[in-house]
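Worksheet: the structure to be examined is printed underneath.
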Amino acid sequence: MIKKIIPCLYINVSEIKGDISFKIYRDKDRTDEMPGELITVCETFEQNGADAVMLFCSANTDEAHERFIYCIRDITRSIDIPLYVGGAVNRLEDVKKYLYAGAAKAIVKENSFDKLNGDDLLISSIERFGDEKIAIDNENSILVSDKDNVKREVISVDDEKEMASIMTSELIYGVTGSFLADEHFDFYEKKEELSRMGIDVNSSIPNFTFDDFKLDQNGLIPVIVQDYKTDEVLMMAYMNREAYEKTCSSGKMTYYSRSRKSLWIKGETSGHFQFVKELKVDCDQDTLLAKVKQIGAACHTNNYSCFYRDVLESRDMSTNPLKVFNKIMDTIRDRKNNPKEGSYTNYLFDKGIDKILKKCGEEATEIIIAAKNPNPEEIKYEIADFLYHVMVLMELKGVTWEDIIKELDNR
């Protein structure tokens, strides 16, 4: 079983005279405040190689807690590693809100009771959302179900030196600890060290050495870079041995600049880093394909992709489905922000939620009727109609296609 390294933060959310403030701490005793914005801190953990992030919230008002829940939604839109969230869980509704905001797991205390009706909150949560969505806080550790539905512990360690001996146990899911919440902690480096000790971690040790590749006359291999979500080609560059090994060990795309004749960490000066999601080699082993999470723009012109100018384009080219959905969402968003006279989309926004919900219901009924028709063309039309109205609803409620895809992937 792959063992996880999980930084944990304790969040104090308070409301004073209507103003909401967040304070971030490395440990539950709150003696060591963490600098920075919560979203940025979580992004930094992901970029440094953390396997997940754990958050515990305390809030002094319902409004403060609601603000924290909105913050969870923003965090899960920004990071791809799982977010486990606990604290301020007093009712089944609190568990639901954490999960609906995007948390991979809600953390519920053992022997806790629903303040609304007195039911065992842990049992109710597992019955409602499933064992895989609920982590158990038993004071000494966090119990997490793995894919085989076996509960294993996330243990808090006080010293980095303890990690290796603890992680050898089959009963351990992963480790956390206040020292892991340091924004400069290099999880990639630690996981390489643990991997060399025979501990199964989510390390970035490659299946190929640089000597396995066919290189050009300068000892370089070309790298094609794609957005890992959309498959959009972002750029092409070259790697030498040092760049390849640095990329694998750091998780950040590193290249060899032929013009400067030096190593080049993408984003080192611009902040537009590329974080490796996949690295593949072609059949001839002379070209690499990198799928990355791109921060900002890939191109020095500030375009997202270096390939932003058309040379030749087929009119009947196939289209990425997510791009189509996002293009329509962009149009709907533009209509909402810049109303256009005679626009049906603006008519729906003007009429409000009840009208939009009514149309979604009507279109869903049309799908059912069309499904009884042997001609598939009718159902395609009705599904497209339904999706359009759902997208208007999504825009009204602030939900994106990325949110939907992530939720489906979590299931």
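Alpha-carbon geometry of segment 44-193: the Rg and the Dmax are 15.7, 49 Å, given in that order. Each Lys or Arg adds one and each Asp or Glu subtracts one; over the other residues with Cβ under 15 Å from the Cβ of Ala64, this totals -2. Only the Cβ atoms of Lys and Arg (+1) and of Asp and Glu (-1) were treated as charged; on that basis the dipole of segment 26-117 about its Cα centre amounts to roughly 320 debye. Dividing the summed helix terms, -39500 (n - 2.57) for each DSSP H run of n ≥ 4, by the number of residues in the chain produces a 222 nm estimate of -11000 deg cm²/dmol to the nearest 500.
Among residues other than Asp32 with Cβ under 14 Å from its Cβ, the summed charge is -2 (Lys and Arg +1, Asp and Glu -1).
Modelled this way, with points 7 Å down the Cα-to-C-beta line, the labels at Asp330 and Tyr381 are 2.9 nm from one another.
The residues of the chain expose, per residue, 56 Å² of accessible area to a 1.4 Å probe. Here the gap between Ala364 and Thr400, fully extended at 0.36 nm per residue and compared with their Cα-Cα distance, gives a gain of 10.9 nm. Extending 7 Å from the Cα toward the beta-carbon at both Glu278 and Ser259 defines two label points whose distance is 3.1 nm. Net charge dipole, the chain: roughly 880 debye, given to the nearest 20, about the Cα centre with Cβ charges of +1 for Lys and Arg and -1 for Asp and Glu.
To put it simply, the accessible area of the chain at a 1.4 Å probe is 49 percent carbon and sulfur.
Counting only Cα atoms, segment 1-84 measures 47, 28, 22 Å along its principal axes, largest extent leading. Computed on the chain, with alpha-carbon pairs under 8 angstrom and 6+ residues apart, the relative contact order is 10 percent. Ordering Leu121, Gln226, Val154 by the projection of their Cα atoms onto the charge dipole of the chain, which places +1 on the Cβ of Lys and Arg and -1 on the Cβ of Asp and Glu, puts Gln226 at the extreme positive end.
Distance from the alpha carbon centroid of segment 381-401 to that of segment 45-93 works out to 27 angstrom. Just checking the listed ones, Thr44, Thr301, Thr168: in the Gaussian network model of the chain with Cα springs under 10 Å, the one fluctuating most is Thr301.
Which net charge results for the neighbourhood of Gly86, defined as the other residues with beta-carbon distances under 13 angstrom from its beta-carbon, given Lys and Arg at +1 and Asp and Glu at -1? Around Gly86, the charge tally is +1.
Please check: in the Gaussian network model of the chain (C-alpha springs, under 10 Å), which one of Val53, Val223, Val390 has the largest mean-square fluctuation. Among Val53, Val223, Val390, the largest mean-square fluctuation in the Gaussian network model of the chain belongs to Val390.
The Rg/Rh ratio of segment 356-411, with Rg taken over Cα atoms and Rh as the Kirkwood radius over Cα pairs, comes to 1.06. The relative contact order of segment 247-388, computed from alpha carbon pairs under 8 Å that lie at least 6 residues apart in sequence, is 10 percent.
For segment 60-133, applying the loop criterion from DSSP together with a ceiling of 15 other beta carbons within 10 Å to the trypsin sites (Lys or Arg not before Pro) yields Lys115. With contacts taken as Cα pairs under 8 Å at a separation of at least 6 residues, segment 317-411 carries a relative contact order of 31 percent. Rg then Dmax, both in Å and based on the Cα atoms of segment 246-403: 22.3, 66.
For the chain, place one equal point scatterer on every Cα, skip the solvent, and apply the Debye formula. What is log10 of I(q)/I(0) at q = 0.07, 0.08, 0.13 Å⁻¹? Scattering profile of the chain, log10 relative to I(0): -0.43, -0.57, -1.29. Rounded to whole numbers, the Karplus 3J(HN,Hα) couplings from phi for segment 17-33 are 6, x, 8, 9, 10, 10, 10, 10, 10, 7, 9, 6, 6, 6, 9, 9, 6 Hz, using 6.51 cos²θ - 1.76 cosθ + 1.60 with θ = phi - 60°, and x at Gly and Pro. Cysteines in the chain that lack a partner Cβ within the 4.7 Å cut-off: Cys8, Cys42, Cys57, Cys71, Cys248, Cys283, Cys360.
The values are calculated or read from the model by the stated rules, or taken from the named source; none is laboratory data. Keep in mind it's a predicted model, so treat the numbers as computed, not measured. Cβ coordinates were reconstructed from backbone atoms using ideal geometry, including for glycine residues, and neighbour counts include every protein chain displayed. With ligands, DNA and RNA removed, areas are computed over all heavy atoms of the protein, side chains included. Shrake-Rupley method; radii C 1.70, N 1.55, O 1.52, S 1.80 Å.
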